[in-house]
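Before any comments, here is the structure.
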Amino acid sequence: MNFSFEQLLAFVSVCERQSFSKAAMSLNKHRTTIGQVITNLEDQLAIELFERAGRSVIPTEDGKLLYLYAKQAVEQAKTFDKVALSLSYGGLESITIGYTSFIPHPALAKLRTQLLKDFPSMKVNFMVMTKDEVVKALHAGTVHIGLTIGRDSKAIDSLDRTFLSYAKFKAFVHKDSPLTRLSDDEVLSGLKSSRQFVLRSLLDEGFGESSIFSPDYEVIEQLSLVIKFIREGLGWSFLPQSVMKSSYATESFAEVKLKEFGFAPQVPVIMLCPHSKQIGNIKQSIIKSIESFID
């Protein structure tokens, strides 16, 4: 059987929205057009894809099964289109990188230095974003590279995913904090009874259970602000151990070690980007610079 891209796209859109009207709006088509496309597809397959109930349409069991394959076909077609278009253009004059807040600024500075070396005339913009914001911006074309958390992503889409490493988090305090002078047997209760700063990005991506240790905790948006608070001796926090590669941390930070402390978060870090010839070259440059900084 031969299926048109229009049929598969309409089928996927109706499955996801469970409405002919909403699917039609998303595809800039008339409702009756989408309804006819689906009816023709059902006739062609000799399978009922949807159960009609008033204005709602619910995928049948056969429809749910075929949706997975149709979704993959649609995303592959989109990828083909993007790659083909990218081949007809030259290098990018400007890119925007969306990154999760726990990536240390020195790592981003190292990344920028590498891009300057490899692409001296290219402008690079940096934006702090959640993972959802990164994905939406990549699809919209307003972001070219995403450095974010890669937790349990099973979504089918046209983005290229590259696993970079696990960011290992450890407990840090000011070097003069009383917590640094506690015995191994006392550290556990000391952390639980002290003010903790928690990065919002960890909570947003479902790491709250492994990130929150003290009932006296405060949620902070920016890594740089958490670092500032620790330098002022205001509390402790789980931070990527790579922050200790930075002079602003090593001058005043101390790691709180606990022999039985096995629940510090280890966060998978991934790079997201569209499939494109120009981005492919930039991607390799970023991997070269960032992998050595994420422990």
- request: Find all pairs meeting these conditions: Cβ atoms under 8 angstrom apart; at least six residues apart or on different chains; first residue within segment 217-239 and over 16 Å from GLU255 (Cα atoms); second residue among the aromatic types (Phe, Trp, Tyr) and in a loop (DSSP other than H, G, I, E, B).
  value: LEU223/PHE102
query: Only one residue in LYS228, LYS175 is within 12 Å of VAL256 (Cβ to Cβ) and open to solvent by 10 Å² or more (accessible area, probe 1.4 Å). Which one?
result: LYS175
- prompt: Taking segment 13-49 as the search range and keeping residues that are in contact with a helix residue (DSSP H, G or I) (Cβ under 7 Å, 6 or more places away or on another chain) and not in a helix (DSSP H, G or I), which one is nearest to LEU68 (Cα to Cα)?
  reply: LEU49
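In this structure, does GLU93 turn out to be farther than 30 Å from LEU203 by Cα, of a type in the set (D, E, K, R), surrounded by fewer than 18 Cβ atoms within 10 Å (Cβ to Cβ) and at pLDDT 90 or above?
The answer is no for GLU93.
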query: Only one of (1) in contact (Cβ under 8 Å) with a residue 24 or more places away in the chain; (2) closer than 30 Å to ASP160 by Cβ; (3) open to solvent by 40 Å² or more (accessible area, probe 1.4 Å) fails for VAL14. Which number is that?
result: (3)
- prompt: Which residues, counting only those in segment 125-146, are surrounded by fewer than 20 Cβ atoms within 10 Å (Cβ to Cβ), not aliphatic (A, V, I, L, M) and not in a loop (DSSP other than H, G, I, E, B)?
  reply: ASN125, PHE126, ASP132, GLU133, LYS136, HIS139
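Which residue out of GLY206, GLY190 is surrounded by 14 or more Cβ atoms within 10 Å (Cβ to Cβ) and within 26 Å of PHE238 (Cβ to Cβ)?
After applying the criteria, what remains is GLY190.
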Sole residue being within 25 Å of LEU199 (Cα to Cα) and either buried (at least 20 other Cβ atoms within 10 Å of the Cβ) or in contact with an Asp or Glu (Cβ under 6 Å, 6 or more places away or on another chain) (or both), chosen from THR180, THR162, THR100: THR100
- request: Output the residues belonging to segment 213-225 that are open to solvent by 10 Å² or more (accessible area, probe 1.4 Å), touching a helix residue (DSSP H, G or I) at 6+ places or on another chain (Cβ under 8 Å) and closer than 19 Å to ILE149 by Cα.
  value: VAL219, ILE220, GLU221, SER224
field: For PRO120: the one exception among (1) touching a strand residue (DSSP E or B) at 6+ places or on another chain (Cβ under 8 Å); (2) assigned to a loop (DSSP other than H, G, I, E, B); (3) open to solvent by 10 Å² or more (accessible area, probe 1.4 Å)
entry: (1)
- request: Mind listing just one residue for me: the one in segment 33-63 that is of a type outside the set (S, T, N, Q) and without any contact (Cβ under 8 Å) to a residue 12 or more places away in the chain and, of those, surrounded by the most Cβ atoms within 10 Å (Cβ to Cβ)?
  value: GLU42
message: If I ask for residues that are at pLDDT below 90 and within 11 Å of the chain's Cα centre (by Cα), which ones from segment 136-148 would you list?
response: THR148
- request: Could you pull out every one of the helices (runs of 4 or more DSSP H) wholly within segment 176-215 that has 1 or more residues that are modelled with pLDDT of 85 or more?
  value: 184-192, 200-204
message: Restricting to segment 231-253, and then to whatever is surrounded by fewer than 19 Cβ atoms within 10 Å (Cβ to Cβ) and more than 24 Å from ILE290 (Cα to Cα), can you tell me which residue is modelled with the highest pLDDT?
response: LEU234
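The values are calculated or read from the model by the stated rules, or taken from the named source; none is laboratory data. Keep in mind that this is a model prediction, so the values were computed, not measured. When we count neighbours, we look across all protein chains shown, and the Cβ atoms used for this are built from the backbone with ideal geometry, even at glycine. Side chains included, ligands, DNA and RNA excluded: accessible areas come from the protein's heavy atoms. Shrake-Rupley method; radii C 1.70, N 1.55, O 1.52, S 1.80 Å.
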